[in-house]
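Everything on this sheet refers to the single structure shown next.
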Amino acid sequence: KTETETTPKKDSTEHFPKSIAEPLVTDIYTADPSAHVFDNKIYIYPSHDIEAGIPENDNGDHFDMRDYHILSMDSVGGPVTDHGVALDIKNIPWAGRQLWAPDAAFSKGTYYLYFPVKDKEDVFHIGVATSKSPAGPFTAQPKPIAGSYSIDPAVFQDTDGKSYMYFGGIWGGQLQRWITGKYDTLGKEPEGDVPAIGPRMARLSKDMLKFDEPVKEIKVIDKDGKPLLAKDHDRRFFEASWMHKYNGKYYFSYSTGDTHFIAYGIGDSPYGPFTYQGVILKPVIGWTNHHSIVEYKGQWYLFFHDSILSKGKTHLRSVKVTRLQYRPDGTIETINAYRE
Ligand code: FUB
């Protein structure tokens, strides 16, 4: 093991509510789980949280992660394999600091790991690394994806074979610095009765290494077709994009950040717009909320994280999984990660 943190004792949960799920692994801290089914197994691409000793701030400097470990399992509830270091920041030529929430995809015999990291000027961009194995190790491309910025890539492969990347996150994720399309360190999250900043997306090229079209802003709208407003912190997009398809509809889900919900909208196209539907996951222990949704052997699952194992340290999280249920009308039952 390369980790320096110690393993918290099992009784560390005694002052927290009883969770509906246990951490998938307890010898390292993991977060931001992006789950996929590859080779009939579930592979989870999480952030690898560490104690870097950096004080908490709104920029997220305390999330100073330096490598990725990939997890896999043959069955939900069965043994979980930690495949060790899959990519180290030392081996990403353009990286400065902070390896945040990754995602992965498979195409034509190659696995792709997409990752946000700050460059040497402290600006987040999204990189890609390749491997012949879903568990890595991955080899990073020499430069970030051209035209990429901000954080939290989520790659969705549609049933017609096209692949799309959704990305972006405000505050520490720097999306508010790209409002004009050019980087501006003074960019701020809008306030009040103006539309909220939307997540970004672009179709990926056939080789999965580039954007195949200009980056677009996508809209989450209310039932009247109006974009969610900047003041609507309970519903507006903050970070942690995820896309999945169910019964022919496109489900875009995300974190509301400072109000701590995983919320979602449904649309008829991967480009949206997505009509806001409600909350998938209520706030968890720890500031961040970040998830993925995947179908495995006919059952849908929500992967998420919380900070119970670290006794509530926001930057030391643990990945968990629980079942996700649809109502007959296609909306999703809200999940409370804790027993009432
Ligand atoms: O893990 C670092 C950041 O915290 C992620 O990129 C965000 O989505 C939040 O979970």
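FYI, it's all coordinate maths here, none of it is from the lab. Everything numeric in this text was worked out from a predicted model, so none of it was measured. Here Cβ is always computed from backbone atoms with ideal geometry, including for glycine, and neighbour counts include all displayed protein chains.
With the simple model of a label 7 Å out from the Cα in the direction of the Cβ, Gln325 to Asp222 spans 3.0 nm.
With the simple spin-label model, which puts each label point 7 Å out from Cα in the Cβ direction, the Asp158 to Lys120 separation comes to 3.9 nm. Subtracting the Cα-Cα distance of Val194 and Asn336 from their residue separation scaled by 0.36 nm leaves 48.0 nm. On the beta carbon distance between Glu295 and Lys143, with R0 = 25 Å, the FRET formula returns roughly 0.15. With the simple model of a label 7 Å out from the Cα in the direction of the Cβ, Lys41 to Trp287 spans 3.5 nm.
Residues of region 196-230 with an amide N closer than 12 Å to a point placed 7 Å from the Cα of Thr130 along the Cα-to-Cβ direction: 206-210. Paramagnetic label reach from Asp258 (point 7 Å along Cα→Cβ; backbone nitrogen cut-off under 11 Å): within region 182-218, residues 189-192. Each part reduced to its alpha carbon centroid, region 199-246 and region 298-340 end up 22 Å apart.
Straight Cα distances below 15 angstrom link Lys249 to the aspartates and glutamates Asp158, Asp160, Asp268, Glu295, Asp329, with same-chain residues fewer than 8 positions distant left out.
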